[in-house]
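Undergrad: Pasting a structure below so you can have a look.
The values are calculated or read from the model by the stated rules, or taken from the named source; none is laboratory data. Predicted, not measured: the structure shown is a model, and the values here were computed from it. Heads up, the Cβs are rebuilt from the backbone with ideal geometry, glycines too, and the neighbour counts pull from every protein chain shown.
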Amino acid sequence: MIESQPISTDTGKPLTEAKSDFLPTPSLEEIVSEINSGIPQEVKILNRDELIQKHRELGKLPYLSHEVFWELLDSKGQDLGVNMVDTKDIVGSISPAFENWSTEYDYRKGRAVDIAEQLINPTLESVDKVFHITQPKLEQGIKLRQLSTPEGNLFFVIDGSHRVAGCKLAEVKRIPAFVEKIPEIKEISTNSNILKRDWEERIKRGLIVGNIEEVTNEDEGKSFVLKIESQVLPWMFLPNHQIVKLNKFYFEHFPDVRSLRSYVNGESIPKEALIDGTAFSYYLTNKWEEYISRGDKK
């Protein structure tokens with residue numbers, strides 16, 4: 001079990017002093033106009049039965065499951081207020097019941113299709129009913145948490161998973177949402193000797209800049225605290241299988257990603273070493289040449 005400890009913001013300043021990453025939120029009228037002009041015509045002409053079928057196909061869209069990323073969002077971050085977010089960058093939901101963007105609950109069946117229908121023929125009333133722009137203080141709009149990476153931001157739904165699915169169904173390109181920015185994790189603890197060893201290997205290979213301290217507590221016994229200065233990606237403290245899944249998603253979501261480099265020697269980290277579990281293990285134990293020379297390597 002990994003436990004998040006108190007962490008600082010990216011700037012080191014109080015949250016109230018930090019600046020938003022976004023441009024000012026457009027008015028409701030501007031949002032309606034953008035939605036109306038941005039939805040493809042072939043989507044606008046779909047009837048409800050066709051939308052229901054299209055909704056089933058949303059399960060093919062990229063999606064990060066809750067168990068892969070939840071530890072990244074364990075800390076409260078910086079409230080950025082209502083901002084316009086690229087729908088494609090919303091990549092998961094904190095709801096354990098949500099398996100992909102086509103997920104439906106029995107008691108809310110058809111909810112995503114209802115949302116899509118409201119957006120396909122947008123009016124001030126229908127758009128405000130979805131996003132709650134005119135009464136933001138009620139905080140009934142879609143709520144997201146933003147995770148920053150070297151290539152851009154990824155967003156996870158805190159509230160409004162079906163509404164986001166409806167937006168994806170209608171192919172709305174940008175949506176207004178309440179955004180909370182998650183600060184960089186600077187301190188993590190574990191009781192696992194295996195994870196502590198993995199941290200040591202990642203530090204040696206330059207995936208993490210930091211150090212590990214051993215702490216003894218009368219009630220909980222011995223634990224290990226990883227103090228992080230930098231990471232090549234913001235999830236390098238997680239167990240290996242989670243890292244590999246997140247890395248694979250990262251490279252697929254950002255196909256033009258720049259090469260990641262080791263903090264130890266500045267060398268480029270092979271992409272395969274980051275997206276394949278076996279390759280990752282070889283790389284961490286400094287046996288990359290042995291992996292390359294394997295006859296059965298895929």
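Undergrad: Any residue at all in the range 255-264 that's more than 19 Å from Ser148 (Cβ to Cβ), in contact with a strand residue (DSSP E or B) (Cβ under 8 Å, 6 or more places away or on another chain) and among the charged types (D, E, K, R)?
TA: No; the residues of the range 255-264 include none that is more than 19 Å from Ser148 (Cβ to Cβ), in contact with a strand residue (DSSP E or B) (Cβ under 8 Å, 6 or more places away or on another chain) and among the charged types (D, E, K, R).
Undergrad: Now for a different question. Yes or no: the range 113-129 includes at least one residue that is hydrophobic (A, V, I, L, M, F, W, C) and out of contact with any helix residue (DSSP H, G or I) (no Cβ under 7 Å at 6 or more places or on another chain). Spell out how you get there, then give the answer.
TA: Just the residues of the range 113-129 that are hydrophobic (A, V, I, L, M, F, W, C), to begin with: 113, 115-116, 119-120, 124, 127.
With out of contact with any helix residue (DSSP H, G or I) (no Cβ under 7 Å at 6 or more places or on another chain) added as a condition, the list becomes none.
Scanning the range 113-129, I find no residue that is hydrophobic (A, V, I, L, M, F, W, C) and out of contact with any helix residue (DSSP H, G or I) (no Cβ under 7 Å at 6 or more places or on another chain), so the answer is no.
Undergrad: When only residues in the range 132-148 that are more than 23 Å from the chain's Cα centre (by Cα) and of a type outside the set (Ser, Thr, Tyr) count, which is modelled with the highest pLDDT?
TA: Per the stated criteria, the residue is His132.
Undergrad: Kindly establish whether Gly210 is touching a residue at least 12 places away in the same chain (Cβ under 8 Å) and within 30 Å of Glu272 (Cα to Cα). Full working, then the answer.
TA: Numbers: touching a residue at least 12 places away in the same chain (Cβ under 8 Å): yes; within 30 Å of Glu272 (Cα to Cα): yes.
Against the criterion (touching a residue at least 12 places away in the same chain (Cβ under 8 Å) and within 30 Å of Glu272 (Cα to Cα)), Gly210 qualifies.
Undergrad: From the list Gly59, Gly92, pick out the single residue that is closer than 18 Å to His162 by Cα, touching a residue at least 24 places away in the same chain (Cβ under 8 Å), exposed (fewer than 13 other Cβ atoms within 10 Å of the Cβ) and of a type in the set (Gly, Ala, Ser).
TA: Numbers: Gly92 fails: exposed (fewer than 13 other Cβ atoms within 10 Å of the Cβ).
Gly59 is the lone residue from the list that is closer than 18 Å to His162 by Cα, touching a residue at least 24 places away in the same chain (Cβ under 8 Å), exposed (fewer than 13 other Cβ atoms within 10 Å of the Cβ) and of a type in the set (Gly, Ala, Ser).
Undergrad: A further question on this structure: Find the residue count for the range 270-290, including only residues that are under 22 Å from Lys196 (Cα atoms) and assigned to a loop (DSSP other than H, G, I, E, B).
TA: At the first step, the residues of the range 270-290 found to be under 22 Å from Lys196 (Cα atoms) are 273-288.
Cutting the leftovers down to assigned to a loop (DSSP other than H, G, I, E, B) gives us 276, 285-287.
The total comes to 4.
Undergrad: Right, next: Cβ contacts < 6 Å: first residue assigned by TED's automatic domain parsing to the domain that holds Leu119 and assigned to a helix (DSSP H, G or I), restricted to the range 36-53; second residue at pLDDT 95 or above and among the hydrophobic types (A, V, I, L, M, F, W, C), any location; separation 6+ or different chain. Result?
TA: Pairs found: Lys44/Ile120; Leu51/Val113; Leu51/Ala116; Ile52/Val113.
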